[in-house]
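Have a look at the structure below, then the notes.
Only the coordinates and a few stated rules stand behind these numbers; no lab work does. Everything numeric in this text was worked out from a predicted model, so none of it was measured. Neighbour counts run over all protein chains shown; Cβ positions are idealised from the backbone, glycine included.
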Amino acid sequence: MKAIVNGEVFAPHPIDEGVLLIGDEGRIAAVGPAAEVSIPPRAEIIDVGGRRVIPGLVDIHIHGLLGYSCMGAEVAQVATELPRFGVTGFCATTITAPMDRVLGALAELADIIDRPPRGARILGIHIEGPHLSPRRPGMADPKLQHPLTWVEFLEMQKAARGHIRMITFAPEEQGAAELIPRLREKGVLPVLGHSDATFEQVSDWVKRLGLNHATHAFNAMRGFHHRQPGTLGAVLLYDEIVAQLIADGHHVHPGAMALLWRLKGPERTAVISDAIPYAGMSPGEYLWEGYRLILDGQTSRLEDGTLAGAVTLLNQNIMTLVKRVGVPFAEAVMAAAQTPATAIGYGDQLGRLTPGYAADIAIVEEDGQVWQTWVGGELVFSRS
Ligand SMILES: [Zn+2]
């Protein structure tokens with residue numbers, strides 16, 4: 001048994017001088033104020049010096065960091081490095097590529113997922129491309145995009161040995177929307193994204209097919225007009241939809257983030273990084289997938305100034321929500337842990353500091369810097 005003491009424990013409301021007990025099987029055994037939780041005499045005491053104790057963050061949309069990519073075996077390094085940013089679980093997110101490269105990457109990912117390294121949990125694979133709208137591909141090559149089909153999904157899932165958990169695709173492309181309920185039956189979350197759909201199309205998919213998740217709201221989707229509310233208008237309107245948000249403060253204006261937050265709140269906003277493999281690296285110039293990127297620590301841009309992928313991780317993004325949108329810290333944490341974990345089917349195991357849940361924990365400073373990270377009751381990162 002381990003006892004985390006002298007922390008501000010977010011469960012999810014802050015408990016001053018909180019105590020969190022971790023059982024030997026790596027699960028949370030008890031949480032509460034020091035006066036109410038009795039610490040077994042032989043427990044190992046971890047004094048966190050008044051720091052914040054939060055559930056480990058869950059990033060369901062990340063392409064890599066620190067020079068490592070999620071497009072293959074380097075996902076092992078991604079898993080190893082993520083705890084330094086307070087992330088304890090993630091979906092390895094692929095990028096648009098020719099299908100033979102995608103299938104090869106999926107097989108490599110499956111190998112690592114079946115023999116996971118010490119670090120953040122790899123909760124599955126998130127496919128993002130090449131089933132996007134050629135009109136809204138973002139950085140990806142529009143010429144490689146094609147409609148998602150059932151045959152191709154089965155081929156990818158076979159290569160991934162069943163580890164695909166999410167697919168971002170444009171449902172308006174040649175009837176791909178009809179796959180929404182079939183994907184869910186297979187335990188895969190169908191995700192609206194990189195889409196040029198009309199408001200009416202999305203309304204139909206929500207009501208008739210049960211669509212309930214959208215990739216990076218505002219970014220790479222048909223925008224809002226008061227006579228044509230577009231993909232974005234439907235994503236904002238329907239409570240059924242959990243909307244991912246790149247909360248780096250650059251991909252979405254703080255005013256637009258505030259609008260999303262007012263409509264969705266912490267239980268329907270999933271904070272993501274959408275980080276590219278150069279996230280977390282020093283300012284400078286890098287080459288990625290044929291692009292010359294200029295990193296400044298906050299953004300990655302092409303030479304003409306266009307934003308080219310995100311480079312901040314979730315511990316920083318929750319602080320951006322707090323500082324620039326005025327979101328309470330506890331709610332920002334919920335949107336970066338409980339909500340994404342729930343969206344991919346781990347809502348009863350991960351993302352909350354609740355007895356019975358996995359002891360996946362980040363201990364952070366007031367500015368969001370990570371001091372320690374625990375996965376399944378094991379220390380996987382410590383800043384000293
Ligand atoms: Zn992405």
### Query
Tell me, in nm to one decimal, what length is gained between ARG101 and LYS143 on full extension, where the rule is 0.36 nm per residue of separation less the Cα-Cα distance?
13.6 nm
## Note on the structure
Farthest towards the positive end of the dipole of the chain, among LEU379, GLY210, ALA358 and with Cβ unit charges of +1 on Lys and Arg and -1 on Asp and Glu, lies the Cα of GLY210
### Query
Can you run phi through the Karplus equation (6.51, -1.76, 1.60; θ = phi - 60°) for segment 153-158 and list ³J(HN,Hα) in whole Hz, with x for Gly and Pro?
4, 4, 5, 5, 5, 5
### Message
Restricting to bridges with both residues inside the chain, how much of the DSSP beta-bridge set is antiparallel, in percent to the nearest 5?
### Response
50
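Dipole magnitude of the chain about its Cα centre, charges +1 at Lys/Arg Cβ and -1 at Asp/Glu Cβ only, in debye to the nearest 20?
Numbers: 32 positive and 43 negative charges, 91 e Å.
Dipole size: approximately 440 debye.
Can you tell me the FRET efficiency between ASP114 and HIS13 if r is taken as the Cβ-Cβ distance and R0 is 30 Å, rounded to the nearest 0.05?
Working: r = 38 Å, r/R0 = 1.27.
FRET efficiency, ASP114 to HIS13: 0.20.
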### Summary
In nm, the gap between the two label points placed 7 Å beyond Cα toward Cβ at GLN174 and ASP296 is 4.2
### Task
Take every Cα pair under 8 Å in segment 109-167 that's 6+ residues apart, average their separations, divide by the length, and report that relative contact order as a whole percent.
44
### Summary
Counting only residues 5 or more apart in sequence or on a different chain, those whose built amide H sits under 5 Å from that of SER300 are ALA308, VAL311
### Message
Under a crude label model (7 Å from the Cα following the beta-carbon direction), how far is MET1 from GLU36 in nanometres?
### Response
1.8
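Can you pull the Kirkwood radius for the chain, inverse mean 1/r over Cα pairs, to one decimal in Å?
Details: mean 1/r = 0.0479 Å⁻¹.
When all Cα pairs of the chain are included, the Kirkwood radius is 20.9 Å.
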### Query
Cα-Cα pairs above 21 Å in segment 1-108: how many percent?
50
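Only Cα pairs under 8 Å and at least 6 apart count here; give the relative contact order of segment 57-344 as a rounded whole percent. Numbers along the way, then the final one.
On the way: 666 pairs, mean separation 51.5, N = 288.
Relative contact order of segment 57-344: 18 percent.
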### Query
Put +1 on the Cβ of every Lys and Arg and -1 on every Asp and Glu Cβ in the chain; which of THR96, GLY129, VAL151 then has its Cα farthest towards the positive end of the dipole?
VAL151
### Query
Residue separation times 0.36 nm, minus the C-alpha to C-alpha distance between ARG135 and ASP24: what's the value?
34.8 nm
#### Entry: Normalised contact order of segment 1-158, rounded percent, pairs of Cα under 8 Å and 6 or more residues apart
17
### Query
Mind checking Rg over Rh on segment 151-290, alpha carbons, Kirkwood formula for Rh?
1.00
